[in-house]
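One structure is given here, and the rest of the page talks about it.
A short reminder: the numbers here are calculations on the coordinates, not readings from a lab. Computed from a predicted model, the values in this text were never measured in an experiment. Cβ sites come from the backbone with ideal geometry, for glycine too, and all protein chains shown count toward neighbours.
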Amino acid sequence: LTPARIYPEIEALSSVLEERLIGRAHVFVLCDENTLRDCFPILSAACPSLNSAHMLEIDPGEDNKCLEIAGQLWSCLAETKADRNTLLINLGGGVVTDMGGFVASSYKRGIGYINIPTSLMAQTDAGIGGKTAINHEGVKNIIGSFYPPSEVLIYPGFLETLDEEELLSGMAEMLKHGLISYPPLWRELSLMKPTEIQDRPDLIEKSCRIKEKIVSLDPEECNVRKLLNAGHSIGHALESLALQQNRSLTHGRAVAQGLAIETEIAFQKGLLPQNDRNEVVSVLKEIFNPLFKEIPPFDEFLPFLENDKKNHGSTFRFSLLTAIGSAGFDIAVSREEIASGLQASNFN
Ligand SMILES: NC(=O)c1ccc[n+]([C@@H]2O[C@H](COP(=O)([O-])OP(=O)(O)OC[C@H]3O[C@@H](n4cnc5c(N)ncnc54)[C@H](O)[C@@H]3O)[C@@H](O)[C@H]2O)c1
């Protein structure tokens with residue numbers, strides 16, 4: 001796994017990128033409408049070779065991370081006669097890095113790609129670790145691959161144009177990284193506003209290193225990588241339900257909600273001490289205020305939980321906190337325990 005590199009100056013990032021472009025007959029840059037407008041001009045001004053790259057643009061939003069759009073991207077590559085030496089640069093948030101990575105992993109059985117993540121979510125989580133995915137038939141990330149980028153190049157300055165709800169979304173995964181393995185990160189973030197994070201590249205870097213360390217121990221998620229799924233069993237189900245109902249819910253907000261509900265489940269199972277449960281819930285409530293507008297009824301979101309890739313057969317398997325700073329994975333959770341955790345989670 002190549003560690004993500006963080007560059008306070010765009011020129012330093014660009015000079016690395018320029019080197020990677022040498023000898024490439026075809027270079028593609030995948031953006032969404034927002035990153036094409038806000039980020040590409042900054043990058044191409046510092047890296048003039050990109051002005052001759054082929055541009056791929058998608059509409060922003062989670063519902064574009066789908067087979068139809070992936071198909072359009074494969075068609076563009078094929079029409080340009082992109083060969084296996086082609087380089088794809090993903091310039092965007094997690095939707096662009098997940099889908100671009102998936103397209104790269106499958107076009108001609110795999111071409112090289114570089115992630116230049118532009119959202120806080122992608123800089124601290126989605127752009128790192130080589131999981132690629134698209135959603136299918138309303139289920140999040142159900143089609144995908146493990147296919148790491150050759151580089152992850154981060155310029156925190158891109159965050160200046162990201163709106164606050166999206167900063168908050170990224171903050172959820174950073175908080176999760178602290179919660180599962182490094183209490184000082186959790187405690188420091190607990191006291192911060194999302195708009196303060198762009199001035200703290202050290203915290204972005206810490207979050208990357210936590211994820212990279214876990215991924216390097218278990219790249220294909222056979223064991224410890226599952227710890228990164230804390231908050232995601234419930235979070236993904238909430239997100240899939242919102243997607244199906246056409247309600248907007250950022251990935252990070254869904255993860256924060258998932259973390260709160262799963263924290264309650266861990267507490268009720270006797271795995272997590274009450275003090276830790278109280279601290280986790282009160283910090284999440286304070287930062288993601290309001291944490292919940294409403295919690296969907298159990299039977300509405302149960303079908304999405306049943307689709308969760310982390311389950312074995314019909315048993316639910318969650319990654320749950322055992323303390324602030326540690327977690328366990330593959331923990332069997334019953335329907336009754338989930339229903340009871342949900343019920344107790346009417347925190348607001
Ligand atoms: N592969 C993984 O390991 C992994 C981990 C976490 C999340 N994810 C995935 O990541 C996705 C969420 O990522 P996200 O939150 O970045 O969503 P996103 O890509 O939709 O970006 C959020 C919004 O911010 C905009 N944006 C991004 N950068 C910007 C910038 N610098 N300035 C202005 N606007 C900008 C985007 O256009 C979009 O509207 C989900 O699909 C999730 O499943 C994947």
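Odds and ends about this structure:
- Among 270, 61, 93: highest mean-square fluctuation, GNM of the chain, C-alpha pairs under 10 Å: 270
- Lysine pair count for the stretch 163-227 with Cα-Cα distance under 17 Å and sequence separation of 8 or more or different chains is 7.
- Extension reserve of the residue 218-residue 67 stretch, reckoned as 0.36 nm per residue once the Cα distance is removed: 51.6 nm
- For residue 147, residues with placed amide H under 5 Å, excluding near neighbours: 131, 132
- Within the chain, percent of DSSP bridges classed antiparallel, to nearest 5: 40
- Shape category assigned to the stretch 219-348 from the gyration tensor of Cα positions, a/c cut at 1.5: rounded
- Close amide H partners of residue 327, meaning residues 5 or more places away or on another chain with modelled amide H under 5 Å apart, are 322.
- Alpha-carbon centroids, the stretch 23-55 and the stretch 286-309: separation in whole Å: 37
- The chain - convex hull of the alpha-carbon atoms, volume per residue in Å³: 117
- Kyte-Doolittle mean at least -1.0 and Cα axial length at least 15 Å: DSSP H helices in the chain: 10-21, 67-79, 94-106, 164-181, 201-217, 232-244, 251-268, 274-287
- Residue 71 sits among other residues whose Cβ lies under 13 Å from its own Cβ, and their net charge, with Lys and Arg +1 and Asp and Glu -1, is -1.
- Approximate spin-label separation residue 294-residue 191, in nm, with each point projected 7 Å along Cα-to-Cβ: 3.9
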